[in-house]
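Below is one structure, written out as structure tokens; the observations come after it.
The values are calculated or read from the model by the stated rules, or taken from the named source; none is laboratory data. Since the model is a prediction, treat every value here as computed from it, not as a measurement. Cβ placement follows ideal geometry from the backbone for every residue including glycine, while neighbour counts extend to all protein chains displayed. Note: accessible area is taken over every heavy atom of the protein model, side chains too, but ligands, DNA and RNA are not part of it. Shrake-Rupley method; radii C 1.70, N 1.55, O 1.52, S 1.80 Å.
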Amino acid sequence: GKFERVSWDEAYRMIAENLLRVKKEYGPQAAAFYAGYPKWYRPALLRLANAYGSPNYCTESSTCFQSAAMAWRSIYGNDICFPDLMHAQTVLVWSNNLYHSNVGMARSYQSLKARGAKIIAVDPRKTVTTQAADIHLKLLPGTDGALALSMARVIIEEGLYDKEFVEKYVYGFEEYKAYVNQFPPEKAEKITGVDKELIREAARMYASNGPAGIMFSASPVVHNINGMQNYRAVMCLIALTGNYDIPGGNPSRPGPVSPCNEYGKVKRLDTIEAIGEKDFPAWFDLPCEEAQCTRIADYILKEEPYPLKAVVGFGLNHRMWPEPEYFQKALEALDFYVNVDLFFSDSSKMADLVLPAASSFERDVVLNGRGGMFFLSEKAIEPVGEAKNDIEIMIGMLRAMQLH
């Protein structure tokens with residue numbers, strides 16, 4: 001926890017010496033390159049990992065959004081299809097508080113009520129978003145799967161599902177029907193805490209007042225030991241009711257290609273086994289250009305599947321992980337750990353080197369919007385103190401290691 005001030009030149013020299021030493025002694029796989037909460041620089045960090053030769057490029061999505069994305073891909077095979085709010089007659093908002101976490105969509109949400117659309121909100125808490133809902137399903141955290149399966153049972157039992165769509169497109173419907181039959185609303189009420197009649201009412205509204213879209217959140221549902229399966233249960237409701245790939249439902253449409261937020265042609269190196277590859281095979285079967293670092297603390301402390309000796313972190317926060325204190329202990333055990341951050345976090349206190357990142361007010365960024373639009377977000381001020389933008393820091397690392 002004790003630090004002394006150094007110059008950027010000294011910092012880059014320290015990074016080069018340590019990372020090149022680790023690579024020589026243990027191989028390039030012994031270093032992991034991690035992206036935390038920021039998204040804009042991730043393709044550049046993947047390129048840095050590739051240049052170094054490590055397959056271990058990873059992000060917070062190991063314990064966050066990619067779990068939701070995997071749940072969707074395992075059912076529909078493509079990227080998540082978000083709801084068409086403009087044409088939906090019913091919107092099922094599943095664990096999403098727009099006014100606090102997606103402010104840009106709040107106005108679209110408000111317009112739903114103005115034109116008479118129905119809203120079902122699933123959230124353990126009473127929020128500004130749930131107050132506008134016609135039905136609030138206030139479930140116990142982590143019981144989303146049981147709620148969704150019970151809604152599916154009601155929809156099938158009462159003949160409200162889209163028989164034509166199911167017959168034409170759905171594989172395994174009979175097995176699915178037998179499984180959801182185990183979750184009558186009476187049983188789901190005991191599991192979820194949601195009144196059984198409210199479950200029935202919500203199921204009927206979603207299935208009968210179409211077109212209907214489901215709005216997903218990035219992470220709350222999947223921050224659970226069974227989170228991916230919970231979301232798979234929710235996502236199945238779209239196909240069950242024929243609301244997949246239709247206006248007002250969850251339409252499939254190509255997303256914009258962005259140099260900032262999409263990987264494009266940048267691929268993770270797969271010539272060497274990545275961390276998590278044996279523990280999470282489905283993660284690597286589905287399209288995801290990241291290693292899986294949920295168990296990174298084990299990989300460091302137990303040296304399985306091989307020694308992991310260095311971590312290059314950008315916005316690394318150990319509290320994103322299960323058992324954060326255990327991960328903090330692992331960070332302390334590394335041969336070399338550098339963290340780039342806006343704040344001097346507790347995770348940074350374990351580092352050998354802490355580098356100051358420029359905030360979004362201090363850097364130019366190209367952002368992508370829906371419909372193939374691009375936006376230039378220009379810096380408002382020059383970087384304060386000695387902060388640099390993340391990509392500039394990565395370029396400095398590349399040059400110091402002579403990998404450019």
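Numbers for the structure displayed
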read-out: Sole residue being part of a helix (DSSP H, G or I), at pLDDT below 95 and open to solvent by less than 40 Å² (accessible area, probe 1.4 Å), chosen from Ala68, Ala49, Ala11, Ala16; value: Ala68
read-out: Those residues of region 234-254 which are part of a helix (DSSP H, G or I) and open to solvent by 10 Å² or more (accessible area, probe 1.4 Å), in sequence order; value: Cys236, Ala239
read-out: Filter result (modelled with pLDDT of 90 or more and aromatic (Phe, Trp, Tyr)) within region 36-46; value: Tyr41
read-out: Residue list for region 327-360, restricted to those being surrounded by fewer than 19 Cβ atoms within 10 Å (Cβ to Cβ), part of a helix (DSSP H, G or I) and of a type in the set (Ser, Thr, Tyr); value: Ser360
read-out: Matching residues in region 177-204 - criterion: being touching a residue at least 60 places away in the same chain (Cβ under 8 Å) and open to solvent by less than 40 Å² (accessible area, probe 1.4 Å); value: Ile199, Ala202
read-out: Candidates Ile75, Ile80 - the one that is part of a loop (DSSP other than H, G, I, E, B), under 21 Å from the mean Cα position of the chain (by Cα) and under 20 Å from Ala233 (Cα atoms); value: Ile80
read-out: Qualifying position, being assigned to a loop (DSSP other than H, G, I, E, B) and in contact with a Leu (Cβ under 9 Å, 6 or more places away or on another chain), among Val194, Val166; value: Val194
read-out: Single condition Glu382 does not satisfy, out of (1) free of Cβ contacts under 8 Å to residues at least 24 places away in the same chain; (2) within 27 Å of Ile225 (Cβ to Cβ); (3) part of a loop (DSSP other than H, G, I, E, B); value: (2)
read-out: Tally of residues being touching a helix residue (DSSP H, G or I) at 6+ places or on another chain (Cβ under 9 Å), part of a loop (DSSP other than H, G, I, E, B) and at pLDDT 95 or above across region 83-104; value: 1
read-out: Residues of region 98-128 satisfying the condition of being within 13 Å of Leu85 (Cβ to Cβ), over 21 Å from the mean Cα position of the chain (by Cα) and crowded, with 16+ Cβ neighbours inside 10 Å; value: Tyr109, Leu112, Ala117, Lys118, Ile119
read-out: Residue selected from region 376-390 under the condition hydrophobic (A, V, I, L, M, F, W, C) and loosely packed, with under 11 Cβ neighbours inside 10 Å, by the criterion modelled with the lowest pLDDT; value: Leu376
read-out: Among (1) touching a residue at least 12 places away in the same chain (Cβ under 8 Å); (2) in a helix (DSSP H, G or I) - the single one Arg107 does not satisfy; value: (1)
read-out: Cβ-Cβ under 6 Å pairs, at least 6 apart or on other chains, region 299-324 side on the phi > 0 side of the Ramachandran plot and surrounded by 21 or more Cβ atoms within 10 Å (Cβ to Cβ), far side at pLDDT below 95 and not in a strand (DSSP E or B); value: Gly315/Gly36; Gly315/Tyr37; Gly315/Pro38
read-out: Number of positions in region 19-46 that are among the hydrophobic types (A, V, I, L, M, F, W, C), closer than 21 Å to Pro356 by Cα and open to solvent by 20 Å² or more (accessible area, probe 1.4 Å); value: 2
read-out: Which listed residue, of Ala152, Ala188, is under 21 Å from Ile225 (Cβ atoms), in contact with a helix residue (DSSP H, G or I) (Cβ under 8 Å, 6 or more places away or on another chain) and either part of a helix (DSSP H, G or I) or not β-branched (Val, Ile, Thr) (or both); value: Ala188
